[in-house]
Amino acid sequence: MSGGLELLLFAVCLALAGLTQSVTGFGFGLVALALLGWGMEVKEASVLLAPAGLVLNVYLFWSLRSHFRWTGLVPLTVACLLAVPLGGLLLIHVREAVLSAFLGGLMIYAAVQRLLAKPEDGKGAYWHPVYAGVPCGLLGGLLTGAFGTGGPPLVSYLLNRPLTRLGFIASTQLLLGLGNGLRTVQFSLNGTYDRSYATLCLVGVVGVLVGAWGGLRIARKLSDSLLRKVVIGFLAVSGVYFLVRAL
């Protein structure tokens, strides 16, 4: 992928993915892989997404840093960081069909889980206790390390914590940003990145920043109930997509 048109399409795909994550708090990897999967292997696309995803996470977290709180997030964060390197190793060994089926089932489960969750009261929902952050973090770290798609397990936990709408988005960016930072370093150290990736990575960064800028403007105007519906719908549609892809 080196022609002008291909680079433009790559940037547009990442801009749309960046906009999605800015509005919902996650979904960059899922949307980008779904779009890029039409023209390249999922594993190749996943490697290319790591630097752009990291830039997106840093930009969004910095923009919303005043809404972030550590309360209840330490076990989730530690577990996620421990699992990311293992996920990078899975990228080499796991068949795409197996991954797609797993991702699809996980996303549909997360959508149904949130749909059935009890309405929040004034103190916020605690559907998941703090210790549930360990399995959610481990699974999210594995998926982040392997394919940059660790959002669903992390979202499953964070949506059921007492977070404001913008606090939820800020929290997901910190977690996904730490994961993307680790996988970027891991891919750099094992020689995955070379000069042939430089142009695509730069174009991808420009694309996600444009999408993130537009997405933040939308996110600040969304109501909590609308954001919840958007997240549930996105999870459900993405889950069906990956299940069909696995066939």
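Just so you know, all these numbers are worked out from the coordinates, no wet-lab data involved. What you are looking at is a predicted structure, and each value in this text was computed from that prediction instead of being measured. With ideal geometry, Cβ positions are generated from the backbone for all residues, glycine too; neighbour counts draw on all protein chains shown.
For the range 205-211, backbone phi angles converted through the Karplus equation (6.51, -1.76, 1.60; θ = phi - 60°) give residue-by-residue couplings of 4, 4, x, 5, 5, 5, x Hz, Gly and Pro being listed as x. Put a dot 7 Å past each Cα toward the Cβ at Val230 and His67; how far apart are the dots in nm? Simple spin-label model gives 1.0 nm for this pair. For the range 140-146, 3J(HN,Hα) computed residue by residue from phi via the Karplus equation (6.51, -1.76, 1.60; θ = phi - 60°) reads x, x, 4, 5, 5, x, 7 Hz, glycine and proline entered as x. Across the range 49-65, rounded Karplus estimates of 3J(HN,Hα) from the backbone phi angles (6.51 cos²θ - 1.76 cosθ + 1.60, θ = phi - 60°) give 7, 4, x, 5, x, 5, 4, 4, 4, 5, 4, 5, 5, 5, 5, 10, 4 Hz, Gly and Pro being marked x.
Working from label points 7 Å from Cα in the Cα-to-Cβ sense, the Arg217 to Ala198 distance is 3.3 nm. Summarising the amide proton neighbourhood of Gly25: residues at separation of 5 or more, or on other chains, whose placed amide H is nearer than 5 Å comprise an empty set.
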